[in-house]
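Okay, structure first, notes after.
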């Protein structure tokens, strides 16, 4: 192989993704031991149960209410690796997720979702198929990431999140005049154990702009389900 070919290969950019977590395989293997595998019909629809791709654990089953987070491709800049690389070494998955999300709130990277036209596209895409493919429960579009709470229907979580990212990423790149990945490859997800867990998660999602000091009142943030809550906390369409 010639030198030029080797140089070209060495400069192929790596696809952006969350920090690698070497213990995730063991974690998922343990989860599989006490949970039932997807039945044949669910598997045909793309539901994989507990699985991983070397970075984050996922549980994808029909009927689960899922708290999903995904972020822009440049939210963990290589130039700032010293700020975030230690997070992948945290053994506790919930603590790792908590600290990764706290890092996202620092607003690293281009923060393209501060642009109203892009945030509108992302939020509109979430809302478009609610009641058809899934039931949307809460959401917020932050400068460099999003949080979505939804009940999975007949379409798997992986396919739903993949469709969101593919559609909005294509439109965003077109408006920005960019190429390449708009969103990072993987995503975080946590299924809701019970009603109280869902209530706490909804509060976390909708309070995120205030926590990140982007708004005094969560209802003032333009790209959040908080502004659609009535006086009883119910989500209006």
Query raised in the report: By average Cβ neighbour count within 10 Å, what is the ranking of 74-85, 137-148 from highest down?
Result: 137-148, 74-85
Query raised in the report: Which value in Å does the Kirkwood hydrodynamic radius of region 145-220 take, with 1/r averaged over all unlike C-alpha pairs and then inverted?
Result: 14.7
Report summary line: Once residue 174 and residue 235 are pulled to full extension, the length gained, defined as 0.36 nm per residue separation minus their Cα-Cα distance, is 18.7 nm
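Every read-out reported here was derived from the displayed coordinates using simple, explicitly stated rules and does not represent laboratory data. The model shown is predicted, which means the values in this text are computed figures rather than measured ones. Glycine gets a Cβ as well: all are built from the backbone with ideal geometry, and neighbour counts include every protein chain shown.
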